[in-house]
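Accompanying notes for the structure given below.
The values are calculated or read from the model by the stated rules, or taken from the named source; none is laboratory data. Treat the numbers as computed from the prediction; the structure is a model and nothing was measured. Please note: Cβ atoms are built from the backbone with ideal geometry, for glycine as well, and neighbour counts cover all protein chains shown.
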Amino acid sequence: MKIENMKGRKENSGYQRVFNNNAMGYLFSKVQATVISNGSELERIILSQSNIIDNLDTFIENATDNNLENGVFVCPKEIIKKSTYSVIGIEPDLLIFIVQKKRICKVIELKDGDSFDTKKSKSERDNLIKFSTEFGAKIPFVTEYFVCCFNQLDKEMIKAGFKGCFDISHIMTGEELCQILNIDYHSIIQNRQKDAQENFEYFLTELLKIQEVKNFVKTII
């Protein structure tokens, strides 16, 4: 996602109060909006390259009747919510169904980062357990749950970021996720880094347009 395409708060934002400067507050609020949007963008990228289930009820019915071809299928949260298999108040980001001799459903919470609020982490873990238990009891698949931190390759770092709320056995890296889905992890990383370079240049350009910043820079150069 690009900072320049985001809508920030032009006045009375928290960032404005931090800097006591409307222009800087607006710029930093656009940065924050970009950070938030990156998570949604990541999910869209993954879904665009996956074999999507568009009706979960029909998919489960076909699985029960042994009427599915082998493969890997992905169900996004919007489709989960529309189904009779939804669990009230719990919306995992992705369900990955692996149809082979042994059928597996992986319940995934997808994260862009790897450091989180402890209370929210415990709540997310409990929700994943509850969904996996209730949903798993209704379907002809072995159900597992995972939190996936896409940009972190070290599971110990992910565990630390969640303050130990998740065991290693329930942690997945982005690279592992892409291997399961048979999509190119490094290509996704590289494409997102292109936006990062443009964001770097845009941020500094806009920052240096602010008169107070210009005046300060002159005093230190």
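Quick look at the numbers
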item: Hits in region 201-210 (condition: surrounded by 17 or more Cβ atoms within 10 Å (Cβ to Cβ), assigned to a helix (DSSP H, G or I) and among the hydrophobic types (A, V, I, L, M, F, W, C)); result: F203
item: Top-ranked residue of region 64-78 - restricted to ones that are modelled with pLDDT of 95 or more and among the aliphatic types (A, V, I, L, M), ranked as farthest from I180 (Cα to Cα); result: V74
item: Count of region 67-91 residues which are over 9 Å from L56 (Cβ atoms), among the β-branched types (V, I, T) and free of Cβ contacts under 8 Å to residues at least 40 places away in the same chain; result: 1
item: Residue in region 43-52 that is modelled with the highest pLDDT, counting only those that are surrounded by 13 or more Cβ atoms within 10 Å (Cβ to Cβ) and either out of contact with any strand residue (DSSP E or B) (no Cβ under 9 Å at 6 or more places or on another chain) or within 11 Å of Y85 (Cβ to Cβ) (or both); result: Q49
item: Any hit, region 131-147, residues being touching a Phe, Trp or Tyr at 6+ places or on another chain (Cβ under 6 Å) and closer than 30 Å to A196 by Cβ; result: yes
item: Of all residues in region 168-200 being surrounded by fewer than 11 Cβ atoms within 10 Å (Cβ to Cβ) and modelled with pLDDT of 90 or more, the one that is nearest to the chain's Cα centre (by Cα); result: H186
